[in-house]
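> The structure is given below, and queries will be raised subsequently.
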Amino acid sequence: SSQRYFAPKEPYRYYIFRQGPVCFIMLDTGEDKPDSDIEYSGITDYDNYRSEQVEWMKTLKENPDFQQATFRVVVAHMPPSAEPGIWHGQKEVLEKFVPILNELGIDLMLCGHLHRTLYEAPSSAIHFPILVNSNNSVVSVQVANREMQVEVLDTDGKSVTRKSYQAK
């Protein structure tokens, strides 16, 4: 199984881990096209897979690593989006993942997928900020004194985006 390369101690490709005061929630957003897309030759079931992860997320409130964390950060490939014409996968992330993540009190969501840097502030629909990282930059997260500092650095080490979050 390829799972042994992603998180060998975990049974699934979605899991949590603590790094100091931060609880990272790793989610598998699947693919962006519908399961029925010809490219998948009928072998995918990402819609049900995403629903399975929602049921798992409902149990996180009972997990001590989640409960005791100062910050809760989601890491997922595809960001949620309500933009018109957006592909199926991002709509599924919005419709399935965002309601439970709002309920869980997420502090930040880190994503990729778009091949560009994008920052979206919290809104009435998505209660947490989303930082989408480019394919040619790196995200640094540092926490001290109940403050989380997030910085995006380009290939020259120049700061592209810098955000700071206070513990709730």
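The values are calculated or read from the model by the stated rules, or taken from the named source; none is laboratory data. Computed from a predicted model, the values in this text were never measured in an experiment. For neighbour counting, all protein chains shown are included, and Cβ atoms are generated from backbone atoms with ideal geometry for every residue, glycine included. All accessible areas refer to the heavy atoms of the entire protein, side chains included, with ligands and DNA or RNA removed. Shrake-Rupley method; radii C 1.70, N 1.55, O 1.52, S 1.80 Å.
> Which pairs do you get when a residue that is farther than 19 Å from Tyr165 by Cβ, found in region 126-139, comes within reach of a residue that is charged (D, E, K, R) and open to solvent by 80 Å² or more (accessible area, probe 1.4 Å), reach meaning Cβ atoms under 9 angstrom, with the pair 6+ apart or on two chains?
Taking only residues 6 or more apart or on different chains, the pairs are Ser134/Arg116; Asn135/Arg116.
> Considering only region 140-164, state which residues are in contact (Cβ under 8 Å) with a residue 60 or more places away in the chain and open to solvent by 30 Å² or more (accessible area, probe 1.4 Å).
Selection gives Val141, Val143, Arg146.
> Checking Glu83 against (1) surrounded by 19 or more Cβ atoms within 10 Å (Cβ to Cβ); (2) not in a helix (DSSP H, G or I), which single condition isn't satisfied?
Here Glu83 clears every test but (1).
> Listed residues Ala167, Ala121; which is farther than 16 Å from Ile25 by Cα and open to solvent by less than 60 Å² (accessible area, probe 1.4 Å)? Lay out the reasoning, then the answer.
Working: Ala121 fails: open to solvent by less than 60 Å² (accessible area, probe 1.4 Å).
Criteria check complete, one pass: Ala167.
> Something else about it: Which numbered condition trips up Ser81, out of (1) in contact with a helix residue (DSSP H, G or I) (Cβ under 6 Å, 6 or more places away or on another chain); (2) touching a residue at least 24 places away in the same chain (Cβ under 8 Å)?
Failed condition: (2).
> Here's something else I'd like to know. Can you tell me which residues in region 1-37 are out of contact with any Asp or Glu (no Cβ under 9 Å at 6 or more places or on another chain), open to solvent by less than 80 Å² (accessible area, probe 1.4 Å) and modelled with pLDDT of 90 or more?
Tyr15, Gly20, Pro21, Phe24, Ile25, Leu27
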